[in-house]
Amino acid sequence: AGDAYVMDFPASTLVPIDAPDGLADALGVVPEAVFASTYLMAVLPDEASVRALDPDIAKLAKVRTPLAGDKADASCVCVTAPGEDADFVSRFFGPTVGIAEDPVTGSAHCVMTPYWAERLGKPVLAAYQASARGGHVGCVLDGDRVRLTGRAVTFLRGTVSLP
């Protein structure tokens, strides 16, 4: 779409849960709410709280939530809050999959978009992932699908030869 890319993914289903053991200690803050989905999602009160996070990545790697019948990697955590210049902001941590903090995470927005669409009462949302590099993501909830729009940075070019 012009100089941006649009990706269409399944929307994640969120289940409200009690905060897993060690989550608040690992994050350094007590979330207002916690949900289980493809990832854990912790909701904080405001953007400043999300930006100020300095989680203990080693402790975060030990946080688990068993989801019966689900293949979720519940040790990955997206932390989110209402935004100041965007509808919502977030950060994403996945230490057990080799990602201390991901700069901009499309799959996490498939988790957060249904939550924020319902909470804010609108299906079209502007998001900002507040990592060191940061990135803007347009989010549209369309039934059981999420369309994400954003720019991409080419970091590798190559050729694949198939036999």
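Backbone N atoms of region 106-146 closer than 12 Å to the 7 Å Cα→Cβ label point of Ala1 belong to residues 124-127, 137-142, 146.
For region 1-110, the dipole from Cβ point charges (+1 on Lys and Arg, -1 on Asp and Glu) about the Cα centre works out to 440 debye, to the nearest 20. Packing, taken as the mean count of other beta carbons within 10 Å per residue, orders the peptides 31-37, 144-150 from highest to lowest as 31-37, 144-150. When a 1.4 Å probe is rolled over the protein heavy atoms, the share of accessible surface on the chain that falls to carbon and sulfur comes to 53 percent. At full extension, Ala48 and Val160 could sit 35.9 nm farther apart than now, given 0.36 nm per residue minus the alpha carbon distance. Region 1-22 to region 100-124: how many Å between their Cα centroids? If we compute the Cα centre of each part, the gap is 5 Å.
Quote the charge dipole size of region 64-163 about the Cα centre in Debye, to the nearest 20; the model charges only the Cβ of Lys and Arg (+1) and of Asp and Glu (-1). Let's see the in-between values first.
Details: 10 positive and 10 negative charges, 51 e Å.
Rounded to the nearest 20 debye, it is 240 debye.
Mean residue ellipticity, 222 nm, helices only, the chain: the sum of -39500 (n - 2.57) across DSSP H runs of n ≥ 4, divided by residue count and rounded to 500, is -5000 deg cm²/dmol.
Mind checking the per residue accessible area of region 4-163 for me, 1.4 Å probe, whole number of Å²?
Numbers: 8710 Å² over 160 residues.
Normalised by residue count, the accessible surface of region 4-163 is 54 Å².
Here the chain is treated as a Stokes sphere of Kirkwood radius computed over C-alpha pairs; at 4 °C and 1.567 mPa s its diffusion coefficient rounds to 80 µm²/s.
The values are calculated or read from the model by the stated rules, or taken from the named source; none is laboratory data. Just so you know, these numbers come straight off a predicted model, no measurement behind them. Counting neighbours? That spans all protein chains shown, and the Cβs are built from the backbone with ideal geometry, glycine included. What goes into the accessible areas is simple: the full protein's heavy atoms, side chains included, and nothing from ligands, DNA or RNA. Shrake-Rupley method; radii C 1.70, N 1.55, O 1.52, S 1.80 Å.
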